[in-house]
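Please read the structure below before turning to the comments.
The values are calculated or read from the model by the stated rules, or taken from the named source; none is laboratory data. Quick caveat: nothing in here was measured; it's all calculated off a predicted structure. Cβ placement follows ideal geometry from the backbone for every residue including glycine, while neighbour counts extend to all protein chains displayed.
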Amino acid sequence: MTSPTTAPTTPAVGAVPPAGPRTTPDVAGFQRIVDALTELADDALVPRNVRRGAQSAKDELSKPRAALDMRIASAVYVLDDLANDPNLPTHGRTAIWSIISSLESLQ
């Protein structure tokens, strides 16, 4: 009688471990995004609600206990609402779109 075969207990060479939620971002890219949000929050040429929204998006990104994808999604949600503001100057809208694009590339 033959014994049943069992799966190996160690992962194969080159096997990818199961992916869990990422909590640490690419540091250089993440810092550029935070800097861009800070610059937008300090820009006196954009409306006050946009400056507050940029600060809110920055605060969402800095929550240490939340998973990275949730922080990014929250920040994109806030920024997307700001980009639709009719009082937003063109340079502010372009900056928001650029930040959203950078955030989506981190996911």
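Pairs linking a residue in segment 26-37 that is closer than 9 Å to I99 by Cβ to a residue that is of a type in the set (V, I, T), with Cβ atoms under 9 Å and 6 or more positions apart or on different chains, are I33/I99; A36/I99; L37/I99.
Restricting to segment 86-100, what's the tally of residues that are more than 17 Å from T38 (Cβ to Cβ) and buried (at least 16 other Cβ atoms within 10 Å of the Cβ)? Residues meeting the conditions: 2. Could you tell me whether segment 65-80 includes any residue that is surrounded by fewer than 16 Cβ atoms within 10 Å (Cβ to Cβ), at pLDDT below 60 and within 19 Å of Q107 (Cβ to Cβ)? Among the residues of segment 65-80, not one is surrounded by fewer than 16 Cβ atoms within 10 Å (Cβ to Cβ), at pLDDT below 60 and within 19 Å of Q107 (Cβ to Cβ), which makes the answer no. Can you pull out the residues in segment 54-107 that are touching a Leu at 6+ places or on another chain (Cβ under 9 Å), farther than 22 Å from A28 by Cα and assigned to a helix (DSSP H, G or I)? Passing the criteria: L82, H91, G92, R93.
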